[in-house]
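Structure first, then comments.
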Amino acid sequence: MTGDIRMGKDLKGTELGREIHQRKDRRYEVRIYRNGVSKSFYVKTASEARTLHKKYSKKQKDVGLCGIDEIYSMLRIEWAGHIQEDSLKNYDYHYRILSQYLTNMPLNEVTPAKVQSVINKLQQEYLWSTCRQIVNMLRKIFHRAWENGSVSYNPIQEIKIYSEHKQLFEKNYLEQDEIKIFEQVCQGRRYCDLFLLLLYSGITIKEG
């Protein structure tokens, strides 16, 4: 059976094309591969078989031009009925956050640098747990895109998400409430004037 499908011939030995062959019952079988899984379709004529194969081949190629929205929609359809409604709503919530940054962007334009930039911004605005779930969802999206052949590599593999207790960047300034506390602590101390000069001028201790 596998040999017949690979050669793509009818019962008379005429070549039909890849993934198409004629069975002993004279029907034509079209084998379609999607997401690493094969599925067979059966039609009555060779013409119908070629048309069907061409249709699915074109659809598979078109996926590479679609955006993240389309891949997420595919996944959501698959998830519906297989996971709890609350879990589905949770995915939708996190995708709405993500879509503010990557909505409608073609898959072939999404680079590791672009994704990392988005994650960095998210970590400045949302809780670590929220960012982690968004990254996990992105991994699912691009894993499916990679399975479909929509992307040649997975840009999420190199993404880094900082731990819950590690700051995204090193803060080298004081907030307004911190400045007030600093001023109160300085009052009456020997180098209070010097500390305040450094605070408001921005010069270094050596320059002071």
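The condition of being modelled with pLDDT under 80 and among the basic types (Lys, Arg) holds for only one of Lys12, Lys44, Lys58, that being Lys58. Within the option set Lys206, Lys160, Lys166, being assigned to a loop (DSSP other than H, G, I, E, B) and at pLDDT 60 or above holds for one residue only, Lys160.
Residues checked against (1) over 25 Å from Ser150 (Cα atoms); (2) aromatic (Phe, Trp, Tyr); (3) in contact with a Phe, Trp or Tyr (Cβ under 7 Å, 6 or more places away or on another chain); (4) touching a residue at least 24 places away in the same chain (Cβ under 8 Å):
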{"site": "Lys89", "(1), (2), (3), (4)": "yes, no, no, no"}
{"site": "Arg96", "(1), (2), (3), (4)": "no, no, no, no"}
{"site": "Gln100", "(1), (2), (3), (4)": "no, no, no, no"}
{"site": "Asn108", "(1), (2), (3), (4)": "no, no, no, yes"}
{"site": "Thr111", "(1), (2), (3), (4)": "no, no, no, yes"}
{"site": "Lys114", "(1), (2), (3), (4)": "no, no, no, yes"}
{"site": "Gln123", "(1), (2), (3), (4)": "yes, no, yes, yes"}
{"site": "Ser129", "(1), (2), (3), (4)": "yes, no, no, yes"}
{"site": "Gln133", "(1), (2), (3), (4)": "no, no, no, yes"}
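The values are calculated or read from the model by the stated rules, or taken from the named source; none is laboratory data. Here the structure is a predicted model, which means the values were calculated and not measured. Glycine gets a Cβ as well: all are built from the backbone with ideal geometry, and neighbour counts include every protein chain shown.
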